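This report refers to the structure that appears directly beneath it.
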Amino acid sequence: MARPLRVGIAGLGTVGAAVIQILARQNAVIAQRGGRPVQVVAVSARDRTKDRGFDLSPFTWFDDPIALARSPEVDCVVELVGGSEGSAREVVETALSHGKHVVTANKALLAKHGSALARTAEEKGVTLAFEASVAGGIPVVKTLREALPGNSVSRLYGILNGTCNYILSRMELEGLTFAECLKDAQRLGYAEADPTFDVEGFDTAHKLAILTSLAFGSQIDSEAIYVEGISSIAPLDLAMAQELGFRIKLLGVAERTNTGIEQRVHPTMVPRTSSIAQVMGVTNAVTIDADAVKELTLIGPGAGGAATASAVVADIADVASGAAGAPFGRPVHSLESAPRAPMQRHEGGYYIRLTVHDRPGVAAGVATRMAEADISLESILQKRSETAATKDPHGRSGTPVPLVLITYAAAESAIRSALEEISGDGLIAEPPQVIRIERE
Ligand SMILES: NC(=O)c1ccc[n+]([C@@H]2O[C@H](COP(=O)([O-])OP(=O)(O)OC[C@H]3O[C@@H](n4cnc5c(N)ncnc54)[C@H](OP(=O)(O)O)[C@@H]3O)[C@@H](O)[C@H]2O)c1
């Protein structure tokens, strides 16, 4: 059998420790499949004395992960430190420039520097593999990179952040507020102490940037992504979604449109009967729309030590067997600089929840403004206040009440200008809630 692939692992936290354990368990199988064994020879983390649940003595310890990345003892560097800059970036750049293969789970690094790192890998004739950077244990990078050359992808969308899906699932099933669910998610370890990165959509955006590039053969362009999080979603929106046959999910969506590639992250109404609507809790899912396969949905664990390590180990096995190809499935110079489709030009259905003054003519005034902006309404639902003590003979209380509109496909710019007019008319008591609809 050929000589082992010598692996150095920088970062021995949740994922790094699980990689060591899986490699120990699966090495014989990996060796059979790839024709050579994988041998972890070196490791690095901050604290050498920390109990990590396994014996460190078989490995050369590096206090400095950059020294590990340079070490002649190592053929393949596995970066599991995290972060788009600092040590993680330096480890990856050093390893590639020293002609070593790199496997990483670092979406932040890839989203920001992916194209440049892929170029270095190509120049040096080595691999840059990042299956674990998107959707944890789901092999979506491999699927897009290797399984669909017979297809032209028109759209992909996914639930790429387990924390957000957990919060939205509990809000819907238990009628809780965003704040209550977030607190619980933090207590259970599903959300960070500072949850901004997850709940405001930035983590989803990093992952979407990577998937967009793989799906459309374009340069990574994370700056082009329109990002909105889930913190403004109210229990009433989830109740209305249910009444109207939808579920609310935080989706990352990438779509080829007439104006270029549209990339957006926002809370989304999806039909309750769709595959993606069935995905509850911390689970992730990605749906790919392509001309030959039509619709392909992958569902599975988006995070966690073992699931993420499963993806890291798959990449290491590909490096060992020589099966790992170009990072984005094609030469870097052929990655397109695709035009960005501006969000204002987005076209789709909208759920709009207005909090209107409960007086005669308000619904008609809203409908008129929509018609003037060329927006057709599929439905309009007015909720009367159940609690107000004094009502006029028509059942109106004078207190603000929700008015929900579902539109047919309309331009984002038209929706925005109609809402400005409605606000200017003094018809609404609060800023409107706008949630885009994504149909199958
Ligand atoms: N956790 C998940 O479910 C998951 C899922 C998908 C992708 N990822 C990605 O996987 C990567 C690792 O995540 P993780 O959850 O395993 O993180 P983690 O548990 O925080 O582990 C980070 C590791 O990096 C080490 N480290 C930090 N700074 C270092 C430095 N300057 N030099 C050397 N070592 C350093 C830490 O050392 P000490 O242990 O000594 O502190 C720790 O072992 C990240 O890019 C993350 O985005 C994670």
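Here are a few things to note about the model shown:
- Here Leu182 passes the criteria (1) closer than 22 Å to Gln278 by Cα; (2) open to solvent by 30 Å² or more (accessible area, probe 1.4 Å); (3) not hydroxyl-bearing (Ser, Thr, Tyr) except the one numbered (2).
- Among the numbered conditions (1) touching a residue at least 24 places away in the same chain (Cβ under 8 Å); (2) within 20 Å of Ala320 (Cα to Cα); (3) out of contact with any Phe, Trp or Tyr (no Cβ under 9 Å at 6 or more places or on another chain); (4) open to solvent by 40 Å² or more (accessible area, probe 1.4 Å), the only one that Cys76 does not meet is (4).
- Neighbours by Cβ (under 9 Å, 6+ apart or cross-chain): first from region 101-125, free of Cβ contacts under 8 Å to residues at least 24 places away in the same chain; second surrounded by 24 or more Cβ atoms within 10 Å (Cβ to Cβ): Glu123/Leu96
- If you go through region 69-91 and pick out every residue that is away from the ligand (no atom under 11 Å from the Cβ), under 18 Å from Asp315 (Cβ atoms) and not charged (D, E, K, R), you end up with 3.
- So Ala111, is it open to solvent by less than 20 Å² (accessible area, probe 1.4 Å), over 25 Å from the mean Cα position of the chain (by Cα) and either more than 23 Å from Ala320 (Cβ to Cβ) or not hydroxyl-bearing (Ser, Thr, Tyr) (or both): no
- Residues that are within 16 Å of the ligand (Cβ to nearest atom), small (Gly, Ala, Ser) and open to solvent by 10 Å² or more (accessible area, probe 1.4 Å), drawn from region 265-299: Gly281
- Test result for Ala135, in a helix (DSSP H, G or I) and either free of Cβ contacts under 8 Å to residues at least 12 places away in the same chain or within 16 Å of the ligand (Cβ to nearest atom) (or both): no
The values are calculated or read from the model by the stated rules, or taken from the named source; none is laboratory data. This is a predicted model, so every value here is computed, not measured. Every residue, glycine as well, gets a Cβ built from its backbone with ideal geometry; the counts of neighbours run over all protein chains shown. Keep in mind that these areas ignore ligands, DNA and RNA; they rest on the heavy atoms of the full protein, side chains included. Shrake-Rupley method; radii C 1.70, N 1.55, O 1.52, S 1.80 Å.
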